[in-house]
1. Which of the GluC sites (Glu not before Pro) found in region 232-336 are in a DSSP loop and have at most 13 neighbouring Cβ atoms, other than their own, within 10 Å?
2. Do any trypsin sites (Lys or Arg not before Pro) in region 174-253 lie in a DSSP loop with no more than 10 other beta carbon atoms within 10 Å, and if so, which?
3. Need one number: convex hull volume per residue for the chain, Cα atoms only, in Å³.
4. With a Förster radius of 51 Å, plug the Cβ-Cβ distance of V383 and D123 into 1/(1 + (r/R0)^6) and report the FRET value to the nearest 0.05.
5. Straight distance only, please: which lysines reach the Cα of K392 with their own Cα at less than 24 Å, same-chain residues fewer than 8 apart left out?
6. Report D for region 130-283 in µm² per second (integer): Stokes-Einstein, Kirkwood Rh on Cα pairs, 37 °C, 0.692 mPa s.
7. With viscosity set to 1.306 mPa s and temperature to 10 °C, compute the Stokes-Einstein D of region 19-87, Rh being the Kirkwood radius across alpha carbon pairs; µm²/s, no decimals.
8. Between R374 and R479, 0.36 nm times their residue separation minus their Cα-Cα distance comes to what?
Amino acid sequence: MNSMITLRGLNKSFGATHAVKDVSFTLEAGEVHALVGENGAGKSTLMNMMAGVLTPDSGHILLQDTPRALTSTLMAARAGIATVFQELSLVDGLSVAENICAGHAPVQFGLIDSGAMARRATDLLHRLGTDLPVWRPVGSLLAGQRQLVEIAKAIGQLYHPEAAVPRPVRALILDEPTSALTADEKLRLFAAVRELRLQGVGIIYISHHLSEVVALADRITVLRDGATVWTRPAAGLTTEDLVSAMVGREVLRAPRDEAVPGPEMARLEGVTRAGQVRDLTLSIRGGEVLGVAGLDGSGRETVARLLAGVELPEQGRITLAGAAHPGTLRRAMSAGVAYVPDDRKTLGLFLDLSIAANAVVTDLTQVARAGMMREALIHVAGVELIADQGVKAAGPDMSVRSLSGGNQQKVLLGKWLRRAPRLLVVEEPTKGVDIGAKQDIHMRIAALAREGAAVVIVSSDLPEILELSDRIAVMHRGRLTGIVDARSATEESVMALASGLVEDAA
Ligand SMILES: Nc1ncnc2c1ncn2[C@@H]1O[C@H](COP(=O)(O)OP(=O)(O)OP(=O)(O)O)[C@@H](O)[C@H]1O
Ligand SMILES: [Mg+2]
């Protein structure tokens with residue numbers, strides 16, 4: 001057999017955590033091989049060994065049946081393995097083109113040929129069906145656009161122009177590539193993946209979106225607690241098959257009781273911000289979960305940012321429980337607002353601090369007073385957060401950076417839930433979390449609302465919005481096109497409002 005990548009008996013431990021246990025795996029040319037498993041199952045650790053980020057403790061990596069030591073990302077890239085990491089690695093201050101061509105910018109007479117660089121970036125983005133302006137700084141992009149830039153960058157590494165002869169190994173590893181993409185962007189990514197497959201690229205696809213995995217993959221490998229459960233052809237497998245292999249039990253869907261709307265907790269009245277939202281009027285009551293749906297550029301994120309006090313209205317006004325919005329996040333927090341942004345890496349978490357420190361960082365007054373007891377209180381807060389959110393971690397002193405992606409998300413949400421907010425504003429609440437943990441998070445959010453808090457969910461994941469919300473506010477190009485009851489709404493009815501095809505005068 002002539003596999004592109006063969007893993008033989010790989011092992012990797014971090015202290016007492018045996019993250020990857022004796023895993024064997026092959027990637028063939030021209031196949032999409034999906035890797036699934038619960039949060040902390042070892043997926044990212046496994047791909048980091050193929051990407052040259054981590055060195056295995058034991059076992060072998062073979063490229064075209066030849067053992068290779070991949071000791072750096074550069075070495076893996078040169079060997080033909082391009083990677084899109086779960087946490088994006090773009091440089092905010094650089095342009096889209098500079099990010100995409102980083103490390104392989106076209107050079108003429110010893111200088112970077114910016115025209116050629118722009119053309120290359122534009123071409124690569126076209127493959128993904130998008131025509132982002134390539135000179136925009138990456139820092140100004142929406143989360144989904146950033147993700148597409150990252151993917152374009154990796155595809156660019158596979159088609160490095162200096163490698164005129166096609167390389168024997170051309171592998172693309174995608175770790176949770178769709179976590180920030182809209183439905184439309186996802187479809188275009190899948191089309192690009194299928195095209196790469198036709199060209200003989202081997203693709204490793206890691207995702208918690210199991211229905212997408214079943215539709216896209218040729219073969220699927222399931223990991224549980226670091227070990228392989230099985231590898232099977234995807235044809236004929238169902239998402240239920242995957243779930244039971246991943247968790248070894250059935251995942252129950254939480255029944256949702258009806259909302260009992262309480263007093264108004266927040267109100268937007270005729271709010272306008274040029275280019276973002278126009279004449280927006282919306283009321284959110286205690287006891288309810290309000291979903292905000294819309295395509296990219298609809299202004300759905302702006303609703304979250306306005307409520308959080310991160311952005312201010314240019315016209316109109318915002319009130320919190322009847323009083324004028326204080327206008328900054330810090331003051332809004334004192335008024336009982338919690339805001340969970342969609343970018344956990346830059347806005348939400350201190351990656352190099354411990355779980356315990358992150359648990360209390362939004363609530364420092366509480367521990368600052370405690371003097372001698374401080375360390376102990378912080379420790380307890382970490383222990384509680386781990387237990388409450390079901391975080392998979394060695395202990396509260398573990399740095400957040402060393403947690404798996406889904407477990408980082410649990411810490412992020414957990415630190416805000418601890419504050420028992422009156423108004424919780426969450427973007428992408430279950431980004432990167434596995435299917436079991438997703439149910440847990442949904443239950444916790446519903447419970448918070450049932451205790452009287454108002455919850456606003458902004459998500460690109462329409463099925464999630466439908467499942468979690470009581471009412472759904474749908475936006476199109478900065479305007480509210482309708483507010484629908486989530487129990488009677490369907491993906492189609494929400495999409496019709498989101499695309500501006502119909503307008504519900506409610
Ligand atoms: N640098 C590290 N130090 C300590 N432990 C680590 C480190 N990196 C990973 N781990 C641990 O290894 C285990 C596997 O983590 P990994 O990131 O591979 O999971 P995953 O399958 O990618 O999960 P997710 O779906 O949440 O991204 C986890 O228990 C994690 O906490
Ligand atoms: Mg991971």
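1. Details: sites: E240, E250, E258, E264, E269, E288, E301, E311, E314; in loops: E250, E258, E288, E311, E314.
Sites meeting the loop and neighbour criteria: E250, E258, E314.
2. On the way: sites: K186, R188, R194, R197, R219, R224, R249, R253; in loops: R249, R253.
Those satisfying the criteria are R249, R253.
3. Values: hull volume 80.3 nm³, N = 506.
Taking the convex hull of the Cα positions in the chain, it is 159 Å³ per residue.
4. Working: r = 52 Å, r/R0 = 1.01.
Once the sixth-power term is evaluated, E becomes 0.50.
5. K12, K21, K43, K345, K410, K415, K431, K438
6. On the way: Rh = 19.5 Å.
Result for D is 168 µm²/s.
7. Working: Rh = 12.8 Å.
Answer from the Stokes-Einstein relation: 124 µm²/s.
8. Numbers: separation 105, 0.36 × 105 = 37.80 nm, distance 4.75 nm.
Residue separation times 0.36 nm, minus the Cα-Cα distance, leaves 33.1 nm.
FYI, it's all coordinate maths here, none of it is from the lab. These numbers were taken from a predicted model, which means no experiment stands behind them. Quick reminder, even Gly has a Cβ in these numbers, built from the backbone with ideal geometry, and neighbours come from all protein chains shown.
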